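Take a look at the structure set out below.
The values are calculated or read from the model by the stated rules, or taken from the named source; none is laboratory data. Just so we're clear, the structure is a prediction, and the values are computed from it rather than from any experiment. Cβ placement follows ideal geometry from the backbone for every residue including glycine, while neighbour counts extend to all protein chains displayed.
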Amino acid sequence: MRTFFTILLAVLFFQNSQAQTRKVVADKIIGVVGDKIILQSDVNNSILDAQRQGQGRVPEPCEIMEVALAQKALVLQAEKDSLVVSEEEIDGMLDNQVRQFIAMYGSKEALEQIAGRTVYQIKEDFRQNFRERRLSELMRNKIVANIKITPTEVKEYFDKIPTDSLMFYESELEIGEIVIYPKASRDLELYAIEELNDYKQQVESGKAKFETLASLYTDDPGSKNTGGMYQVNRTEKQMDPTFISNAFRLREGQISPVFKTKFGYHIIQMVNRAGDDATVRHILRIPAITDTEVNASVGKLDSVRSDLLANKYDFGAAVSRFSESDESKFTGGMKQCGQGTYCTIDQLDKDLVVALKGLNPGDISKPLVYTDERGKKGVRLVFLKTRTEPHRENLKDDYNKVADRALEIKKMETVDKWFKSKIPTFHLVIDPQFASCNQLGIWMQSITKNQ
């Protein structure tokens, strides 16, 4: 699927260049589904976008037109069925896309310079595209909502796969964790606070620049190389709410008092702000953890392990009761890799790989001290639920994966049947330049029958 945001930037850049030379190029309607139109620029921009992204094979105009017609048909039916996409959801999608692009170009100003438009204008130009994309997804979901797959159908699908086309799987593991983060002593917490207050005073007195201090002293590896800089949005759900709250209290250039989040202690400097979007710099200090705190956490998890081995409660219950990892609360402690819980060795951190040595399926490790990707010290129990050997795909070991593929094919067939029944009911117009497109056979036939 094409990246609409990248396409829009290309279009805006092109339009801005054209405006500077006072040239105007008229667009052309090349397709109509009901009251929805498809423009020549939609096809042209999709091709340009594919070329810009370096895709191996650039889609042909016929393929792009087929996708565009299908999306318009789904949107039209979604509106007839009164499916609704809230403005809040669209705003969230737009904000997320804009933040990604700001991160790519380094600043909001750079983005606006390239596009020749403000962030607000970019969002408004994109709003209808995002609305239609989401409506088409909702309509497809409705069409396939009741589609199920039976074991007999899964076997029939699997039996049709040539032996030499069966997938080969590396060893995969299902791994659970119970994580505790040792708490620093009050003295070391106060020391971290004093350090941050000193950095704040240095910047406010002009002795040092905030970005220099951040590069030297922050404990946040994600922003150390950028002088502590982040692009944030007031409505961002994934950011720590305390961090967002403190950031948006600041005026441009102002530095916050020291405050605490689950990651440690911070100060923030507001660089610039436009509505709900802002560029900030921050310094994170994580109070040092001594052996005393680590040993206390090890002792606690050692007791939890003993209770698990004695079957006093199952692993999921122990996760809910003891684990301090936010992610584990939503996954029952099981690590997520890609779309599921099966992980290959190369998807695991090196400490976890070492911890798995000597564990058999069903085993729970002794408490292990480690440092997470944010540089935070923790102690964890590792539960090896399952481990598969490298193998050629088969129904015994890989039933769920085969069933998922078979189900997706059945859903695609259901959507195809829906199109065959619905296309004749739509008002259609397709430009003659697409008359020879084999992909558009059913669409062209419907137009011929209605003439």
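Of the residues making up segment 275-288, just one is assigned to a loop (DSSP other than H, G, I, E, B) and surrounded by 21 or more Cβ atoms within 10 Å (Cβ to Cβ), namely P287. Remark: pairs (first residue in segment 81-92, closer than 20 Å to K422 by Cβ; second residue surrounded by 10 or more Cβ atoms within 10 Å (Cβ to Cβ) and of a type outside the set (K, R); Cβ separation under 8 Å; 6+ apart in sequence or on different chains) = D81/M139; L83/L135; L83/L138; L83/M139. Under the condition of being crowded, with 17+ Cβ neighbours inside 10 Å, of a type outside the set (V, I, T) and either farther than 22 Å from D220 by Cβ or at pLDDT 95 or above (or both), the residues counted in segment 289-310 number 4. Among the residues of this structure, I161 counts as one that is among the aliphatic types (A, V, I, L, M) and closer than 30 Å to E393 by Cα.
Candidates are the residues of segment 125-156 that are acidic (D, E) and touching a Leu at 6+ places or on another chain (Cβ under 9 Å); the one that is modelled with the highest pLDDT is E153. Scanning segment 311-325 turns up one or more residues that are aliphatic (A, V, I, L, M), farther than 23 Å from K183 by Cβ and surrounded by fewer than 18 Cβ atoms within 10 Å (Cβ to Cβ). Kindly provide the set of residues from segment 184-231 that are in a loop (DSSP other than H, G, I, E, B), of a type in the set (D, E, K, R) and farther than 29 Å from Y105 by Cα, ordered by number. K207, the sole residue that qualifies.
Could you say whether any residue in segment 64-78 is small (G, A, S) and modelled with pLDDT under 90?
So in segment 64-78, the residues small (G, A, S) come out as 68, 70, 73, 78.
Subsequent filtering for residues that are modelled with pLDDT under 90 retains none.
Scanning segment 64-78, I find no residue that is small (G, A, S) and modelled with pLDDT under 90, so the answer is no.
The residue of segment 391-446 that is surrounded by the fewest Cβ atoms within 10 Å (Cβ to Cβ), among those that are among the aliphatic types (A, V, I, L, M) and outside any helix (DSSP H, G or I), is A435.
Restricting attention to segment 327-365, and to residues there that are in a helix (DSSP H, G or I) and touching a residue at least 12 places away in the same chain (Cβ under 8 Å), which single residue is surrounded by the fewest Cβ atoms within 10 Å (Cβ to Cβ)? Talk me through it step by step, then tell me what you get.
Here is the first cut: in segment 327-365, the ones in a helix (DSSP H, G or I) are 327-331, 345-347, 350-356.
In the following step, the residues that additionally are touching a residue at least 12 places away in the same chain (Cβ under 8 Å) were identified as 328, 345, 351-352, 355-356.
Values: S328: 21, I345: 12, D351: 14, L352: 20, A355: 21, L356: 16.
Ranking the qualifying residues of segment 327-365, first place goes to I345.
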